[in-house]
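Structure first, then comments.
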Amino acid sequence: MQTLPDAHGYFGPYGGMFVPETLMTPLRDLADEYERAKRDPQFQADLANLLGDFAGRPTPLYFAERLTAKLGGAKIYLKREDLLHTGAHKINNALGQILLAQRMGKKRIIAETGAGQHGVATATAAARFGCECVVYMGKVDMERQALNVARMRFLGATVVPVTAGAATLKEAINEAMRDWVTNVRTTFYILGSALGSHPYPMMVRDFHRVIGDEARRQMLAREGRLPHLLIACVGGGSNAIGLFYPFLDDEAVRMVGVEAGGEGVGVGQKHAARFQGGRLGVLQGTKTFLLADEDGQIQLTHSISAGLDYAAVGPEHSLLRDQGRADYVHATDDEALSAFHLLSETEGIIPALETAHAIAYAVRVAPTMRPEEIILVNLSGRGDKDVQQVADREDMLESVATPKI
Amino acid sequence: MSPNAASANRIDRAFTRLRAEGTKGFIAYIAAGDPDLEQTRHIAFALEAVGVDILELGVPFSDPLADGSVNQAAAIRALESGTTVPGVLACVRAMRAEGLGIAIVLYTYLNPIYLYGFDRFLADAHAAGVDGVLVLDLPPDEAGRNEELRRRPAGLKMIRLIAPTTPPERIALIAKAAEGFVYFVSREGVTGEQASVSISLAEQAAAIRAVTDLPLAVGFGISTPEQAREAAGPVDAVVVGSAIVRRIGEHGASGEVARRVAEFVRPLVDAVKKDF
């Protein structure tokens, strides 16, 4: 098993702690407390209980029989993180981090959110533990994910709109970090993806590796062998690293992360595919690949899915790509939408738009593989939150019986 | 090397002079390119004329996460006026050619200078007449761990921050890496004005002085002459930023922004120059 990051939070040349001095010591304290918690059987037992009784683990490994037949190639399995409480993988990490907040005596919880799934998971965890919760969310994202905004408010959280820049995930992280810098002694920042300063990329990965651990066991029990290909969507990269990590030493298992190709990755087209034309830089605490102009200003990204609409990729993914251990491709908005409909109609599963990017790549690659080969897709979230947005986009609002939020 | 090499840097010269005069230093922060680089030059000369000792010039970045709303808005105005890293360096060169004598420290985030090329940036900044660089999101630990962030030309000072959350052993580590002066952030939080100066400043200043002989500057939150004078007591210089930047935002379009800024800054400077 890969033992990265090193003690300073580096995954090879990527990662680190590029933060203002005010946060250096709180982040070191967090890393130290996490190391202690990791070795504490009580912490692990508490987390296992929450994941089981509260969140609904283990999630099923589901053979997508009709999708497989339709695509006419490799067998496609889905890891059903969409069936978790709150509707996405994000709850794995939110529960892990709120247990840490309890250990550290921090009663005020803050978070950023893009699609709102991490915000909902954090608000849920905060409600469960009786903590005050403030979630920063870009104004654009609040509009396109209105259902999740309502859910967070029902759960007792304060949702703060962020209007700077593109008013999406990156700006929400800036605001959350400003809050943390100001209230660091009383506040725990539950960061929602495998990005930002050390120890977050490591901690978030560790809390999500349960996805890959379960899937590996389930696949061996079901098929008696490992999958040939893992597919997951990559914004910051939390669901992808959670699935990939336990398979890193299984050399025969290929891994593909799917970034948001937006309008397309050509010149002048807007997207969020950091490995297509991205540069090595430093953003929000970590050294990694990001989308910036020649002067180092972070570029405005675009994706139909709020959760993938982010300018930097988690540092461990940058290393896996360097090592050739994982490949990174992209799917456009249109491809993701097609996949959204295809999975809904063939399997009776409406995926999140983020997840639809992973499905889109499965649609592309499955027909080129042999029927005895196996694809495992991380079905990271369900699409309830996206129903309104897809309906609006496709101008079929009147025919969809969803309540106006 | 000339015998004066160590004092060739304008930051060193400024603190040597202040010590001889028995007064405190005044460091003014403005965002380069707000409202545009031409006005930045006028403002810089106006600040020098009212007695500012060190000019801290912000290099705008799209995601200034250690800054409050006032400085963030200034960075956005600067980017909208077309300000770039090469543009800021050209501005410094021009000001030096026109005779600006005060020390200049560039205040920036890492990404713009990382993409410019860290070494190249430091060399070009030094050649342009910059005396020091403060990179908000580059703690000394990380500078040591990344080969490409380690080197620098002699003569350019790397200014380091110490925060209220910095424990004693880390204060020593940062003080060792610091050059020019130590910049103490007087409170937790982002940049911005506040009603009163931190009460434990004297204590914290003493803790820093115990491990370094470098001059000590204090900043974050100072906006009135009374606060400036109070904060200056236990340190060698005070930094005022957001309060100046806010006036630039208010008068930026008026054509008399430099005069207005000078009017605002003069009493602040005077407050730290008298009877210490």
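The values are calculated or read from the model by the stated rules, or taken from the named source; none is laboratory data. Please read these numbers as outputs of a predicted model, since none were measured by experiment. A quick note on method: Cβ atoms are made from the backbone with ideal geometry, for glycine too, and the neighbour counts reach across all protein chains shown. Note: areas computed on protein heavy atoms with side chains; ligands, DNA, RNA excluded. Shrake-Rupley method; radii C 1.70, N 1.55, O 1.52, S 1.80 Å.
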In nm, to one decimal, how far is the A:SER344 label point from the A:LEU300 one, both placed 7 Å along Cα→Cβ? 2.8
What accessible area per residue comes out for the stretch B:5-270, rounded to a whole number of Å², with a 1.4 Å probe? 35
Extension gain from B:ARG19 to B:GLU80, taking 0.36 nm per residue of separation minus the Cα-Cα distance: 17.9 nm
Mind checking which lysines have their Cα closer than 22 Å to the Cα of A:LYS139? Skip sequence neighbours fewer than 8 apart in that chain. A:LYS90, A:LYS170, A:LYS270, A:LYS385, A:LYS404
Given unit charges at Cβ for Lys, Arg (+) and Asp, Glu (-), the dipole magnitude of chain A about its Cα centre in debye, nearest 20, is 860
Can you give me the C-alpha center-to-center distance between the stretch A:29-64 and the stretch A:327-350, rounded to a whole angstrom? 30
Heavy atoms of B:ARG266: accessible area, 1.4 Å probe, square angstrom to 10: 120
Would you please put A:336-347, B:233-244, A:122-133, A:62-73 in order of how densely packed they are, using the mean number of other Cβ atoms within 10 angstrom per residue and starting with the highest? B:233-244, A:122-133, A:336-347, A:62-73
Sort chain A into rounded, prolate or oblate with this rule: let a ≥ b ≥ c be the square roots of the eigenvalues of the Cα gyration tensor; rounded if a/c is under 1.5, and if a/c is not under 1.5, prolate when a/b is larger than b/c, oblate otherwise. rounded
So which GluC sites (Glu not before Pro) in the stretch A:249-306 are both in a DSSP loop and have at most 13 other Cβ atoms within 10 Å of their Cβ? A:GLU251, A:GLU294
10 Å Cβ neighbours from other chains, averaged over peptide A:283-296: 5
Over the stretch A:187-275, with neighbouring protein chains present, the accessible area per residue in Å² at probe 1.4 Å is 27
Nearest-20 debye value, the stretch B:5-270 charge dipole, Cβ charges on Lys, Arg, Asp, Glu: 500
Taking every residue in B:131-138, how many Cβ atoms of other protein chains lie within 10 Å of its Cβ, on average? 3
Residue-averaged [θ]222 nm for chain B, counting only DSSP H segments that reach four residues, each worth -39500 (n - 2.57): -14000 deg cm²/dmol
Using protein heavy atoms only (no ligands, DNA or RNA), what is the total accessible area buried between A and B, 1.4 Å probe, nearest 100 Å²? 3100
Just grab the label-to-label distance for A:GLU373 and A:GLU263, each label 7 Å out from Cα along the Cβ direction, in nm (one decimal). 3.4
Total charge of the residues flanking B:SER81 in space, meaning their Cβ is under 10 Å from its Cβ, with Lys and Arg +1 and Asp and Glu -1, is -3
Mind giving me the FRET efficiency for A:ALA48 and A:ASP392? R0 is 41 Å, r the Cβ-Cβ distance, nearest 0.05 is fine. 0.50
Hey, can you list the DSSP H helices of chain B whose Cα span along the axis is 30 Å or longer and whose average Kyte-Doolittle score is at least 1.6? none
Contact order normalised by length for chain A, with contacts defined as Cα pairs under 8 Å and 6 or more residues apart; what percent is it? 21
Could you tell me which of rounded, prolate or oblate describes the protein assembly as shown, using a ≥ b ≥ c as the square roots of the eigenvalues of the alpha-carbon gyration tensor, with rounded for a/c under 1.5 and, failing that, prolate when a/b is larger than b/c and oblate otherwise? prolate
Using 0.36 nm per residue of separation minus the Cα-Cα distance, give me the extension gain between A:ASP322 and A:LYS38 in nm, one decimal. 99.4 nm
For B:ASP275 and B:GLU250 in the same chain, what is the full-extension length gain: residue separation times 0.36 nm, less their Cα-Cα distance, in nm? 5.7 nm
Count the DSSP beta bridges whose two residues both fall in chain A, then state the antiparallel fraction as a percent rounded to the nearest 5. 35
Fraction of accessible area attributable to carbon and sulfur, the stretch A:255-400 (%, probe 1.4 Å): 49
What residues have an amide H closer than 5 Å to that of A:ILE76, excluding those fewer than 5 places away on the same chain, when H is modeled at 1.01 Å from N in the peptide plane? A:ALA64, A:THR68, A:ILE375
Going by the alpha-carbon gyration tensor, a ≥ b ≥ c the square roots of its eigenvalues, is the stretch B:5-270 rounded (a/c under 1.5) or, if a/c is not under 1.5, prolate (a/b greater than b/c) versus oblate? rounded
